[in-house]
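First comes the structure, then the notes that go with it.
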Amino acid sequence: MTGKDIASLSDSYLMNTYGERIISVVRGEGTKVWDSSGKEYLDLIAGIAVSTLGHCHPRVVDAIRKQAEILIHASNLYYTEPQAELAKKLVANSFSDKVFFCNSGAEANEAAIKLSRKFGNGKYEIITMEGSFHGRTIATLTATGQEKVRKGFAPLLPGFRHVPFNDLPAVEKAIGEETIAVMVEPIQGEGGDRVAEAEFIVGLRRLCDERNLLLILDEVQCGFGRTGKLFAYEHYGIEPDIMTLAKPLGGGLPLGAVLATETVSEVFSPGSHASTFGGNPVACSAGLATLEVILGESLIERAELLGKYLLGKLSELKEKNKLVSDVRGKGLMLGIELSIPGKEIVKECASRGVLLNCTAETFIRFLPPLTVTEEEIDTGINVLDGVLNQVTPPPISSPLEGED
Ligand SMILES: Cc1ncc(COP(=O)(O)O)c(C=O)c1O
């Protein structure tokens with residue numbers, strides 16, 4: 001099929017939830033993908049932080065193949081080895097004592113919300129941040145601090161309060177009789193790589209301890225080595241009570257997880273929560289292989305190193321181009337804020353063979369695989385630079401223009 005055929009078939013039969021998609025991808029290897037015409041692209045977005053070892057990493061492919069040959073699905077009526085092994089490895093490498101597996105980030109956050117409410121024993125309110133993104137189910141879109149995500153889905157779920165990000169006094173003020181938890185992304189990915197300040201996260205931990213609240217960290221996008229630590233909370237010298245993971249966890253297969261301390265986990269008992277596919281043996285095998293490569297090949301250190309390199313290049317871009325107003329993020333979760341919408345910039349970069357993404361209208365982000373090279377970063381930056389240079393900056397308005 002040609003790219004056009006794939007697009008027209010998709011548009012005919014799929015619900016229009018994603019709008020226009022830039023290309024039809026048919027193959028991937030490492031940091032590269034190819035479209036149906038054979039055109040090669042440098043993928044610096046990695047399926048939005050999913051393909052963290054690059055596409056079709058041999059260790060992941062091997063793990064999937066081996067597991068698929070012996071058992072693809074068993075259901076959670078039974079024990080399976082890959083699920084137990086991955087849970088053990090996650091616990092060994094984090095603050096947590098217990099794991100619940102599901103299939104996506106939204107599901108992981110749903111489970112975290114349920115776990116908190118069960119722990120609350122009548123208390124149910126969760127404080128979340130403006131600009132956050134926690135998923136598209138009715139509970140997680142209610143938790144999400146973005147009006148555009150919630151619009152059209154009323155009545156929303158009761159029990160959520162949104163406060164400004166990085167504003168500890170606002171969190172403190174929002175705590176009420178029914179509050180049981182505070183939920184936060186250490187780096188707001190969809191919100192445009194907004195990094196939580198150290199005082200904020202440390203202050204939240206203290207506040208939660210003082211007021212008997214749970215601290216839930218959503219590391220669905222920033223977790224698993226991307227920021228230069230296996231989990232972003234390690235940057236802050238604190239530990240959460242609950243953490244959610246997904247995106248890179250299954251090495252490209254759908255897998256999410258909720259990790260929690262023993263005290264919190266034990267409020268779940270048989271029947272409290274479940275998932276037909278959660279912890280699927282093939283996805284867990286792929287996840288185990290991914291975690292083994294991340295830890296065994298020092299990819300966390302690499303994310304920090306290459307992140308610094310990319311940050312330097314983006315900062316140079318900001319110096320050179322007036323359209324770039326900010327550079328933000330951490331590790332290999334970085335991007336630039338533009339003074340114009342970024343959608344067309346991303347499209348033009350793709351036509352020149354580099355895949356990036358625009359979030360929050362004006363933020364162009366890089367989420368490359370942790371295996372990305374300096375040369376690949378250079379290529380991406382050069383293409384983005386070239387595209388930005390061709391955009392005519394909007395005229396500088398006089399001080400009176402734009403004033404109400
Ligand atoms: C921080 C965060 N939480 C939750 C989600 C939802 O994950 P999923 O799309 O797998 O449901 C996302 C997705 O972008 C995310 O970035």
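Values in this text are rule-based calculations from the coordinates and carry no lab data. All values derive from a computational prediction rather than experimental measurement. Here the Cβ positions follow ideal geometry from the backbone for every residue, glycine too, while neighbour counts run over all protein chains shown.
Report, in deg cm²/dmol and to the nearest 500, the calculated mean residue ellipticity at 222 nm for the chain, where each DSSP H run with n ≥ 4 adds -39500 (n - 2.57) and the sum is divided by the residue count. Working shown, then result.
On the way: 14 runs with 154 residues, N = 404.
-11500 deg cm²/dmol, from helical runs alone.
Across the chain, the relative contact order, built from alpha-carbon pairs under 8 Å that are at least six residues apart, equals 21 percent.
Using a cutoff of 8 angstrom between alpha carbon atoms and counting only pairs six or more residues apart, the relative contact order for the range 1-114 works out to 13 percent. Largest first, the three principal axis extents of the alpha carbons in the chain are 62, 58, 44 Å in whole numbers.
What's log10 of I(q)/I(0) for the range 141-244 at q = 0.13, 0.19, 0.23 Å⁻¹, Debye sum over Cα points only, no solvent? Debye output, listed in q order: -0.47, -1.00, -1.38.
Enumerate by residue number the GluC sites (Glu not before Pro) in the range 6-61 meeting two conditions: DSSP loop (anything except H, G, I, E, B), and at most 16 other Cβ atoms within 10 Å of the site's Cβ. Each step should come with its number before you reach the end.
On the way: sites: Glu20, Glu29, Glu40; in loops: Glu20.
Qualifying residues, ordered by number: Glu20.
Taking a straight Cα-Cα cut-off under 29 Å and skipping sequence neighbours fewer than 8 places away in the same chain, the lysines within cross-link reach of Lys114 are Lys88, Lys89, Lys98, Lys123, Lys148, Lys151, Lys173, Lys229, Lys247. When Leu157, Leu356 are arranged by Cβ crowding within 10 Å, least crowded first, meaning fewest neighbours, the order is Leu157, Leu356. From the Cα gyration tensor of the range 7-121, with a ≥ b ≥ c the square roots of its eigenvalues, which class applies: rounded if a/c is under 1.5, or else prolate if a/b is larger than b/c, or else oblate? It comes out prolate by the Cα gyration axes. Along its first, second and third principal axes, ordered by size, the range 97-168 spans 34, 28, 25 Å in Cα coordinates. Placing unit charges on the Cβ atoms only, positive for Lys and Arg and negative for Asp and Glu, gives the chain a dipole magnitude near 660 debye about its Cα centre. Taking a ≥ b ≥ c as the square roots of the eigenvalues of the alpha carbon gyration tensor, the range 245-404 is prolate, as a/c is not under 1.5 and a/b beats b/c.
What the phi angles of the range 11-28 give under the Karplus curve with 6.51, -1.76 and 1.60, with θ = phi - 60°, is a coupling list of 5, 6, 10, 9, 4, 7, 9, 10, x, 6, 9, 5, 9, 9, 8, 10, 7, x Hz, glycine and proline written as x.
Here the residues Cys208, Cys222, ranked from fewest to most Cβ neighbours within 10 Å of their Cβ, fall in the order Cys208, Cys222. Considering only Tyr124, Ser36, Ala257, and ranking their Cα positions along the charge dipole of the chain that arises from unit charges at the beta-carbon of Lys, Arg, Asp and Glu, the one farthest toward the positive end is Ser36.
Both radii come from the Cα set of the range 30-72: Rg as radius of gyration, Rh as Kirkwood radius; their ratio Rg/Rh reads 1.09.
In terms of other Cβ atoms within 10 Å, Thr137, Thr31 run from fewest to most in the order Thr137, Thr31. Dipole of the range 242-354 computed with +1 at Lys/Arg Cβ and -1 at Asp/Glu Cβ about the Cα centre; of Gly331, Thr276, Ala246, farthest Cα towards the positive end is Gly331.
When the dipole is taken about the Cα centre of the range 251-404, and only Lys, Arg (+1) and Asp, Glu (-1) are charged at their Cβ, what size is it in debye, to the nearest 20?
It comes to approximately 220 debye.
A Förster distance of 45 Å, applied to the separation of the beta-carbon atoms of Leu71 and Glu147, puts the FRET efficiency at 0.50. Evaluated with a Cβ-only charge set (Lys, Arg +1; Asp, Glu -1), the range 184-242 carries a dipole of roughly 80 debye about its Cα centre, given to the nearest 20.
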